[in-house]
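So the structure is just underneath, and the comments pick up after that.
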Amino acid sequence: MKDSRRSPLRDAGTDIDTARHVPQTPQSMSPSYQLAFADEDFLAKDELRPVRLQLELLKYEMLMDEHSINSTVVLFGGARIPSPEEKHTARTKTLADLSHFYEEARIFAQLMTEKSLKTENRDWVIATGGGPGVMEAGNKGADEAGGVSIGLNIVLPHEQAPNLFVTPDLAFNFHYFAIRKMHFLMRARAVCVFPGGFGTLDELFEALTLIQTGRMRPVPFLLFGSEFWQTIINWDALSEAGTISAEDLELFRFVDSAQEAVDIIDAWEPQPRRGEIPGR
């Protein structure tokens, strides 16, 4: 078998396998004898946090490259929003009423995946948090369209597995919220935010801040559910108070349907990063 590696040196995987088969002696069974990069207890030490951060950034970046994914359409939204068929299980009437956004997320992801398939699923690939609710709807729509989609899960105190519509080879799991957020936005060509709670609001404002401060190029930034978003956040009050500028309110758009969102994305003209922050 031809060795495709450029290096003439023995590779790490071979040494890991060899080390598993050395004679069992007090010395070889000692934790100190384990190869450092194959020692889970060592890698989990507090002092190795910088290495773990780098590993989480690098592993999923390499996997995205292996799958030739150039750009994504990011869907943020509530894990508690049920499908219309399950809205009777919602714990509040408001959640039940928001169930139609599950369907809008599914249809939107389906439409965007049909667009993505024209690029062999390299651009406009749906990316969600990989969980239930709106996230499930996004992955489901992509699956129904016959395309791939990404799920960026994170380890939580309660047991959580990726929803069953995430493409298995693109189901990722994170320890660090910060690195997960980076992966959401590193390839983002559009950001779509559906009704949600603390996590959704966190993702919404962090992404908006990056665009506001010129750290990220403007992309179509769409808030699904104009009534919801204008009820829970007094956007004009922020502008009138001077804590943001009136121009900052132009960084995003309210939409209420999947087709409306697709039309805005299709008509989008690329814009440069901000060179200065208005009102500062």
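Largest first, the extents of the alpha carbon coordinates of segment 70-267 on the three principal axes equal 46, 39, 35 Å.
With Rg and the Kirkwood Rh both taken from Cα atoms, where does Rg over Rh land for segment 180-280? Display every interim value, and only then the final one.
Values: Rg = 13.4 Å, Rh = 14.3 Å.
Here the Rg-to-Rh quotient is 0.94.
Using only alpha-carbon positions in segment 1-66, the gyration tensor eigenvalues give semi-axes of 25, 22, 8 Å once each is multiplied by 5 and square-rooted (largest first). Here is the list for segment 116-204: GluC sites (Glu not before Pro) lying in DSSP coil, each with at most 16 other C-beta atoms within 10 angstrom of its C-beta, are GLU120, GLU159.
Working from label points 7 Å from Cα in the Cα-to-Cβ sense, the GLU227 to THR243 distance is 2.7 nm. Kirkwood radius and radius of gyration were both taken over the C-alpha atoms of segment 144-227, and their ratio Rg/Rh is 0.97.
Just give me a number: lysine pairs in the chain, eight or more positions apart or cross-chain, with C-alpha atoms less than 21 Å apart. Kindly include the intermediate steps, with their values, before the conclusion.
Working: LYS45/LYS59; LYS59/LYS181; LYS87/LYS140; LYS115/LYS140; LYS118/LYS140.
Number of lysine pairs found: 5.
So how much slack lies between GLU40 and TRP235, counting 0.36 nm per residue of separation and subtracting their Cα-Cα distance, in nm? Walk me through the intermediate numbers first.
Working: separation 195, 0.36 × 195 = 70.20 nm, distance 4.71 nm.
Answer, rounded to one decimal: 65.5 nm.
Only the Cβ atoms of Lys and Arg (+1) and of Asp and Glu (-1) were treated as charged; on that basis the dipole of the chain about its Cα centre amounts to roughly 640 debye.
For trypsin sites (Lys or Arg not before Pro), the sites in segment 109-178 that DSSP calls loop and that have at most 11 other Cβ atoms within 10 Å are LYS118. Packing-based ranking of 263-273, 49-59, 170-180 yields 170-180, 49-59, 263-273, ordered from highest to lowest mean Cβ neighbour count within 10 Å. Given the C-alpha centroids of segment 217-238 and segment 1-72, what is the distance between them in whole angstrom? One Cα centre to the other: 44 Å.
Readers should treat all values here as calculations from the given coordinates under stated rules, not as data from a laboratory. The shown structure was predicted, so the numbers you read here are calculated from the model rather than taken from an experiment. Neighbour counts are summed over all protein chains in view; Cβ atoms, including those assigned to glycine, are modelled from backbone coordinates with ideal geometry.
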